[in-house]
Amino acid sequence: MQTKDHWENVYATRAPEAVSWYQAHADLSLRLIQGTGVTAGASIIDVGGGTSTLVDDLLAAGFTNVTVLDISGSALAEAKRRLGASATKVRWLETDITQEALPIHGFALWHDRAVFHFLTTPEDRAAYMQSVLRAVKPGGHVIVATFAENGPAQCSGLPVIRYRADQLHSEFGGSFSLLRHEEEAHHTPFGTIQQFIYCYCRKVES
């Protein structure tokens with residue numbers, strides 16, 4: 001099964017609150033985004049946003065230029081249904097981040113909770129990094145969360161790579177400065193705990 005087929009099946013057969021990564025509110029992500037100091041009109045992309053409620057909370061917080069990208073059309077359709085009329089305020093992209101040519105310097109802030117750790121080949125990680133380098137403005141912000149080194153070894157039946165903060169930052173290289181990192185103990189809907197690491201970087205201005 002191809003990756004897109006896998007995620008279409010996941011979102012078509014499970015309710016949004018019945019997946020392990022479900023959060024009623026992405027509180028840590030929202031706090032980190034607001035902590036960057038970006039303006040309400042800053043261009044923000046949520047990579048792998050799926051059915052996450054982060055977009056709801058960004059709109060509620062007054063952000064007006066939000067893009068949600070996901071490989072699954074089923075996930076995006078559910079997010080649009082949940083938002084109702086407010087869905088028209090969001091740009092939706094159904095695509096694979098390792099294959100999409102995003103606008104050059106199109107975003108002031110890049111957010112990704114739990115996509116990067118699924119990229120288990122050097123080629124996919126390199127393609128992802130090229131997308132970040134292309135799409136984020138000089139001086140722009142990058143917030144990426146993956147399973148921590150003591151997190152699960154797989155998710156949704158797929159293998160993942162677990163990271164320490166320094167390992168995750170090293171994937172981004174010298175074009176990004178690591179400003180902070182935080183750990184999160186995510187409580188799944190099934191009563192288990194998954195350990196995440198969040199890294200907040202800033203793209204070096206050239």
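The values are calculated or read from the model by the stated rules, or taken from the named source; none is laboratory data. Quick caveat, the model's predicted, so the values are computed rather than measured. So basically every Cβ, Gly included, is an ideal-geometry build from the backbone, and we count neighbours across all protein chains shown.
Being touching a His at 6+ places or on another chain (Cβ under 6 Å) and under 27 Å from His25 (Cβ atoms) is true of Ile143. Can you confirm whether the stretch 75-87 contains a residue that is basic (Lys, Arg), farther than 28 Å from Arg180 by Cβ, out of contact with any Lys or Arg (no Cβ under 7 Å at 6 or more places or on another chain) and surrounded by fewer than 15 Cβ atoms within 10 Å (Cβ to Cβ)? Yes, the stretch 75-87 contains at least one residue that is basic (Lys, Arg), farther than 28 Å from Arg180 by Cβ, out of contact with any Lys or Arg (no Cβ under 7 Å at 6 or more places or on another chain) and surrounded by fewer than 15 Cβ atoms within 10 Å (Cβ to Cβ). Is it the case that the stretch 57-69 has a residue that's modelled with pLDDT under 95, surrounded by 14 or more Cβ atoms within 10 Å (Cβ to Cβ) and more than 20 Å from Tyr200 (Cα to Cα)? So far as the stretch 57-69 goes, no, none of its residues is modelled with pLDDT under 95, surrounded by 14 or more Cβ atoms within 10 Å (Cβ to Cβ) and more than 20 Å from Tyr200 (Cα to Cα).
When every residue of the stretch 2-19 is checked against the conditions, at least one turns out to be under 28 Å from His181 (Cβ atoms) and of a type in the set (S, T, N, Q).
Just one of the listed residues (Thr36, Thr53) is over 23 Å from Arg202 (Cα atoms), in contact with a His (Cβ under 8 Å, 6 or more places away or on another chain) and either at pLDDT 95 or above or crowded, with 17+ Cβ neighbours inside 10 Å (or both), and it is Thr53.
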